[in-house]
Amino acid sequence: MKRAILLTVLLVLNGFAITGCEQEKKTAKASLSVVKKYAQATVLEGVVSNDKGLIKTGMVEATDENGHSIVHAVVDNGHYRVDVPANTVLPILLTFVSEPGAEKLVAAVIHDTITQYEINPSTTAIAKAAKAMGGYTHANMTRAAADTIHTPDANKTTTGWRGDPTTQYGGWH
């Protein structure tokens with residue numbers, strides 16, 4: 001009888017310990033989603049192009065994910081430069097418009113260490129696909145880029161590649 005009570009107490013305590021561990025795991029996962037932002041004022045720059053080449057004039061606007069304007073700049077001979085203030089939370093979108101009613105081109109900024117961004121139909125397709133997948137995260141942007149870039153099937157494997165395959169993948173030998 002004492003053994004049965006002791007066993008019951010141990011099982012109940014073990015259940016509390018497991019529940020506590022599960023709670024700790026959930027808390028740890030929640031704390032992993034760190035908000036990225038620019039610690040200091042940062043210059044983002046690049047070129048704007050379409051299928052015909054550089055787009056000479058227009059406006060680039062940096063907005064947050066909800067569409068609130070952060071800063072804008074004029075495109076000069078296909079080039080833009082925006083000064084993003086310190087403490088700007090990522091992701092931000094760089095949106096190009098040449099004239100009212102024209103199609104917008106977009107590039108999503110998700111990393112605080114990258115400062116050069118092209119804005120073109122490919123970056124627009126990738127940003128739209130990532131948004132449709134649930135948001136502008138690194139995983140979604142990577143998957144969207146892989147899905148939107150049209151690579152011939154023959155180039156997706158190393159079977160036709162002549163050379164040292166280890167150097168192709170970073171030289172791991």
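Summary of values
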read-out	value
Residue 88 being open to solvent by less than 20 Å² (accessible area, probe 1.4 Å), of a type outside the set (D, E, K, R), without any contact (Cβ under 8 Å) to a residue 24 or more places away in the chain and in contact with a Lys or Arg (Cβ under 9 Å, 6 or more places away or on another chain)	no
Residue list for the range 102-111, filter: touching a Pro at 6+ places or on another chain (Cβ under 6 Å) and either small (Gly, Ala, Ser) or open to solvent by 70 Å² or more (accessible area, probe 1.4 Å) (or both)	108
Contacts under 6 angstrom Cβ, first residue in the range 67-78 being touching a residue at least 12 places away in the same chain (Cβ under 8 Å), partner among the polar types (S, T, N, Q) and open to solvent by 50 Å² or more (accessible area, probe 1.4 Å), 6 or more apart	75/57
Filtered residue count, the range 74-85, keeping only those that are among the small types (Gly, Ala, Ser) and crowded, with 20+ Cβ neighbours inside 10 Å	0
Residue check for residue 97: surrounded by 14 or more Cβ atoms within 10 Å (Cβ to Cβ) and out of contact with any helix residue (DSSP H, G or I) (no Cβ under 7 Å at 6 or more places or on another chain)	yes
Test: residue in the range 49-58 that is of a type outside the set (Lys, Arg) and touching a Lys or Arg at 6+ places or on another chain (Cβ under 9 Å)	no
Extreme residue, modelled with the highest pLDDT, among residues of the range 143-164 that are among the β-branched types (Val, Ile, Thr) and farther than 23 Å from residue 48 by Cβ	151
Within the range 112-145, tally of residues that are of a type in the set (Phe, Trp, Tyr) and open to solvent by 40 Å² or more (accessible area, probe 1.4 Å)	0
Given (1) touching a Pro at 6+ places or on another chain (Cβ under 7 Å); (2) part of a loop (DSSP other than H, G, I, E, B), index of the condition residue 99 fails	(1)
Members of the range 39-53 found to be at pLDDT 95 or above and not polar (S, T, N, Q), listed by number	41, 43, 44, 45, 46, 47, 48
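The values are calculated or read from the model by the stated rules, or taken from the named source; none is laboratory data. Every value quoted in this text rests on a predicted model; they were computed, and no experiment measured them. Counting neighbours? That spans all protein chains shown, and the Cβs are built from the backbone with ideal geometry, glycine included. Calculation scope for accessible area: heavy atoms of the full protein, side chains included, ligands and nucleic acids excluded. Shrake-Rupley method; radii C 1.70, N 1.55, O 1.52, S 1.80 Å.
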